[in-house]
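A short worksheet on the structure shown next.
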Amino acid sequence: MKPDSIILDIDGTLWNSTPIVARAWNEALKSRPEITYRFTAEKLTKLFGHPMTTIADMVFPDLSEQDRYALIDDCCEREHMFLSASTEDLLYPGVADTIPKLSQTYPLFIVSNCQAGYIELFLEKTGLAPYITDFECPGNTGLGKGPNIQLVMKRNGLKAPIYVGDIPSDQAASKEAGIPFCHATYGFGKVETPDCTIGQFCNLLTLFS
């Protein structure tokens with residue numbers, strides 16, 4: 001299984017922003033005293049990977065659809081502010097060193113179930129933009145992760161990519177897109193029968209050699 005390219009998830013695969021995001025989203029909720037729900041980093045590890053509208057449906061089911069989607073948009077705006085201001089190193093060990101090396105062998109791409117602007121913020125904060133050929137998310141296209149993987153494949157003429165992620169929905173998206181799935185076991189979730197696994201990100205350097 002020698003891929004011609006690697007498509008990467010972000011949360012739980014490249015970095016863990018959940019502590020900062022929890023603080024940001026809770027700050028957004030302060031304007032809604034009738035809502036008693038509060039986010040934690042642990043809760044977010046179980047929510048991340050879903051589209052933002054799905055997270056809103058899960059967390060704020062008692063609100064009208066319009067209200068809960070507007071609220072999750074507010075949470076995301078506050079999240080961008082908090083992440084932009086952060087000086088913490090959120091990357092998993094080895095990611096910063098591995099991505100430049102990996103890009104010398106494989107074109108690298110990102111597909112994440114995130115809001116518009118999140119991937120750009122990630123690339124800006126980490127300095128990894130020069131090594132990522134293309135990216136996509138539902139915030140831009142309105143599509144799920146599987147179709148977005150296919151969109152990136154078509155746009156870049158990829159014939160044999162592999163998707164690297166950490167949760168079952170990543171595996172399901174890979175299957176939907178018709179490509180192999182590599183499980184980052186250090187991330188947010190457990191997966192049954194992945195095509196391959198990595199225990200740390202730098203394992204990608206030798207996994208297919």
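The values are calculated or read from the model by the stated rules, or taken from the named source; none is laboratory data. As the structure is a prediction and not an experimental result, all values here were calculated from the model. Here Cβ is always computed from backbone atoms with ideal geometry, including for glycine, and neighbour counts include all displayed protein chains. Calculation scope for accessible area: heavy atoms of the full protein, side chains included, ligands and nucleic acids excluded. Shrake-Rupley method; radii C 1.70, N 1.55, O 1.52, S 1.80 Å.
Considering only residues in segment 137-190 that are in contact with a Gly (Cβ under 9 Å, 6 or more places away or on another chain) and among the hydroxyl-bearing types (Ser, Thr, Tyr), the one that is nearest to PHE109 (Cα to Cα) turns out to be SER174. The residues of segment 173-209 that are open to solvent by 40 Å² or more (accessible area, probe 1.4 Å) and within 17 Å of HIS50 (Cα to Cα), listed by number, are LYS175, GLU176, PHE188, LYS190.
Selection of segment 160-170 for residues being farther than 14 Å from ILE10 by Cα and crowded, with 17+ Cβ neighbours inside 10 Å yields PRO161, ILE162. Listed by first and then second residue, the pairs with beta-carbon distance under 8 Å, at least 6 apart or on different chains, first residue in segment 173-184 and in contact (Cβ under 8 Å) with a residue 24 or more places away in the chain, second buried (at least 23 other Cβ atoms within 10 Å of the Cβ) and of a type in the set (Asp, Glu), are ALA184/ASP9; ALA184/ASP166.
Can you name the residue in segment 99-120 that is of a type in the set (Val, Ile, Thr) and not in a helix (DSSP H, G or I) and, of all such residues, is surrounded by the most Cβ atoms within 10 Å (Cβ to Cβ)?
Filtering segment 99-120 down to residues of a type in the set (Val, Ile, Thr) leaves 99, 105, 110-111, 119.
Imposing the further condition that a residue be not in a helix (DSSP H, G or I) reduces the set to 105, 110-111.
Values: THR105: 14, ILE110: 24, VAL111: 32.
Selected residue: VAL111.
No other residue among GLY139, GLY127 is modelled with pLDDT under 95 and of a type outside the set (S, T, N, Q) apart from GLY139. Candidates LEU123, LEU151: the one that is closer than 28 Å to ARG78 by Cα and surrounded by 16 or more Cβ atoms within 10 Å (Cβ to Cβ) is LEU123.
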